[in-house]
1. In Å and whole numbers, how far do the C-alpha atoms of region 109-358 stretch along each principal axis, longest first?
2. What value, in deg cm²/dmol to 500, does the helix sum -39500 (n - 2.57) over DSSP H runs of n ≥ 4 give at 222 nm once divided by the residues of the chain?
3. What list of whole percents do you get for P(r) of region 226-286, with Cα-Cα distances grouped in 5 Å bins up to the one holding the largest distance?
4. Any idea what angle helix 162-174 forms with the longest principal axis of the chain, computed on alpha-carbon atoms, 0 to 90 degrees, nearest 10?
5. Can you sort Asp371, Asp389, Asp26 so the residue with the fewest Cβ neighbours within 10 Å comes first?
6. Starting from the Cα gyration tensor of region 326-430, take the square roots of the eigenvalues, sort them a ≥ b ≥ c, and report rounded, prolate or oblate (rounded when a/c is under 1.5, otherwise prolate if a/b is larger than b/c, else oblate).
7. Trp391: net charge of surrounding residues, Cβ under 11 Å, Lys/Arg +1, Asp/Glu -1, itself excluded?
8. Restricting to the chain, what percent of DSSP beta bridges are antiparallel, rounded to 5?
Amino acid sequence: MKARVPMTDIQDRMRRIPQVSTILDDSRIAPLMVGRQGAWMTRLIQETLAELRVTLRAAKSSASSREDLLEGAVSAILERREGLLGPSWTRVLNGTGVVVHTNLGRSCFPPEAAEAAHTVALHNSDLEFDLETGTRGHRGRLIEEKAALLAGAPDALIVNNNAAAVWLAVRYASQGGRVLLSRGEVVAIGGSFRMHEILAETGCELVEIGTTNRTSLQDYVDAMQPGTTVLKVHRSNFVVEGFTEEVALSDLAEACRQHDCPLVYDAGSGAIYPYEDLGLPAGERLLTEDVATGAHLVTCSGDKLLGGCQAGIIFGSQEMITGLRKHPMRRAFRVDKTTLAALDAVMSLYLASDGQPDIPTLNQLGMGLDDLADRARRLQAILAEKAPDSWQGSVVSGQSSVGGGSFSTTSIESRLLLWDGPKAELEACHQYLRLGNPALVGRMNQDGLAVDVRTISEEEINLVAEAFVAAWARLKSSFGV
Ligand SMILES: *Cc1c(COP(=O)(O)O)cnc(C)c1O
């Protein structure tokens, strides 16, 4: 059993914790306690002292004096205040090699998209205004036209993300009726998107058909009744192997036509540029192909392989998209003017280019091995003289991944700058890199600490080098290396 700290000792510690009034009298705190700031500062003080109480109560022993505790509390309060007054995000240098990294904000905007968002953010625009007639106009209609043209669909609707797109499409198509979904496609994407839960919120009756590994066309047809909606979901982040069967979208579309059942297809990533041309394995379909198969509504994300910003796009017939536009919940899913402007710029880049449009996500995926090796070697050269003596840097071959729920099991060969050295130092360094500003997130494995240069832009090479130099300086003071 753990030895208990005597009660008298704990009471003694608690008595040494400063009172709120003592903190308020402190010369560094007192001038800050004015106006609106005074109100939230009071809460910071209370929260900091409450945490101090918990820490002190739990500590095995504590010899901190009244003065030490006051000093510690004041610094903690000032540090929290600083944190609150600055941005609540940190720029990250992505050394993971995961191109569409959901936790790191997925696709980076092309400069044109960032500029467009910047301009409409600072100025008024004809967001919902018809300049010709001087009356109310349709929000984002021209952008939706561009999206529809790109995908070869009669019409399109832009919403907040693909989760919203799926919800709205299924809700509209099913009107709360039966929705067929293969048991092999009741998927979870990321931390919070679980298909059956989204469907439950549409009020529909989910009818799971087939099995986890095999669903046949007959399974669908047997369950089709008048008014039944069929949903098909792209298996974005897993593969099934072995004894499997899946119905092709085109076959399903044909059966749905015959039985007069609406078909909704969640395409997940939604690529417009051919994967093969980026050097990725063939087999993934394009949005244009999905739309052409005859699914009534096709949905996708805006910030995965499309390379744009967070958005969901629904493609379909004019009739269905008009219906969706009028849906009462559409308002709740609509996007901001900056999103529309950014996505518009991305669409224009696709429309204007014959080959590969200049979009960061596509550029990163399409980067050749020679360029990657060159980039990794240049980074190595900058850092060669600065690394701790016990560290060894080398340019090695490794694997990047697409991420973002596409090609999840496919890796693309890449070039990494790998650091080998004492394990504790490598691990501490990786943490220091994450705590820097900008932060650098790399990859730790048994070979060492690696930076995959595929996801580091040309402009970021020097920042990565500076991040290592700063982390090594911290390492020096804590490990004496
Ligand atoms: C990523 C993904 C989603 C969720 O898209 P968000 O834009 O993140 O809401 C839904 N379905 C599939 C198949 C996906 O790959």
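1. 55, 43, 33
2. On the way: 18 runs with 209 residues, N = 481.
That calculation yields -13500 deg cm²/dmol at 222 nm.
3. For region 226-286, the pair-distance distribution reads 4, 14, 20, 21, 19, 13, 6, 2, 0.
4. 40 degrees
5. Working: Asp371 14, Asp389 7, Asp26 18.
By the 10 Å Cβ count, ascending, the order reads Asp389, Asp371, Asp26.
6. Numbers: a/c = 2.81, a/b = 2.05, b/c = 1.37.
Note, shape of region 326-430 comes out prolate.
7. Details: positive: Lys386; negative: Asp389, Asp420, Glu425.
Residues close to Trp391 contribute a combined charge of -2.
8. Details: 31 of 52 bridges.
In the chain, DSSP labels about 60 percent of beta bridges as antiparallel.
Read-outs: derived from the displayed coordinates by stated rules, not from any lab. The model shown is predicted, which means the values in this text are computed figures rather than measured ones. Glycine gets a Cβ as well: all are built from the backbone with ideal geometry, and neighbour counts include every protein chain shown.
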